[in-house]
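The values are calculated or read from the model by the stated rules, or taken from the named source; none is laboratory data. Source: prediction; values computed, not measured. Positions of Cβ are generated from backbone atoms using ideal geometry, with glycine treated the same way; all protein chains shown enter the neighbour counts.
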Amino acid sequence: MTSPTSQRVPVVAPPPETVNDGLVIDSATRSDLFRIAGLLRSAAPACVPLTPHQVRARRRQFEVVRDPVDGVVAAVALRPVERRRVELGSLVVAPSHHHQGLGTRLVERAVSQCVRRDLELVCVTRNPRFFARLGFRCLPFCRERSSSPNHRRGQRTAMACLATLTHHRRRIS
């Protein structure tokens, strides 16, 4: 009998792609680890911060957008969670590069990759409208979580407003 881990389909990154103004989307390298961890830390609580050690352990799951001047300015991780299911997570864009379509492009690239390999792509997000715009839909068991053991009246927690989404299987051109 095989274990659930051995049945997971690895996500293979597509070749590098050049986007706006010389920016390149590519697989993360060892030299990107601290910058990815820094981007995630600065985006908290919107993103779960990871230490450089945690990013290193997941390096093969990350794709990054590199600016020729600023280095890594955006990142996303695709993590196999079940045999035919992949989780999109750690989507982050540096504030200096917001509103340039980089987050959208990273998600579209992930969707395209999963459609080609017939994988279901899911994510847990605090921004379901962003993902709905890109073809994701809320799963029926979603619910907003507004309390935790450390929750105080009137205080927002990191667990607030989570929605689990799955992508419709469609081709992104």
Practice problem: Name the single residue, out of those in segment 50-70 being touching a residue at least 40 places away in the same chain (Cβ under 8 Å) and part of a loop (DSSP other than H, G, I, E, B), that is surrounded by the most Cβ atoms within 10 Å (Cβ to Cβ). | Solution: Leu50
Quiz prompt | Top-ranked residue of segment 6-49 - restricted to ones that are assigned to a helix (DSSP H, G or I) and surrounded by fewer than 16 Cβ atoms within 10 Å (Cβ to Cβ), ranked as modelled with the lowest pLDDT | solution = Asn20
Quiz item: Considering Leu139, Leu102, Leu106, Leu119, which residue is of a type in the set (A, V, I, L, M, F, W, C) and farther than 25 Å from Pro45 by Cβ?
Solution: Leu119
Quiz item: Of the residues Arg41, Arg58, Arg85, which is more than 23 Å from Gln113 (Cβ to Cβ) and under 15 Å from the mean Cα position of the chain (by Cα)?
Solution: Arg41
Exercise. Output the number of residues of segment 110-132 satisfying the condition of being crowded, with 19+ Cβ neighbours inside 10 Å and closer than 26 Å to Gly22 by Cβ.
Key: 3
Practice problem: Would you confirm whether any residue within segment 108-126 is over 14 Å from Leu78 (Cβ atoms), at pLDDT 90 or above and hydroxyl-bearing (Ser, Thr, Tyr)? | Solution: no
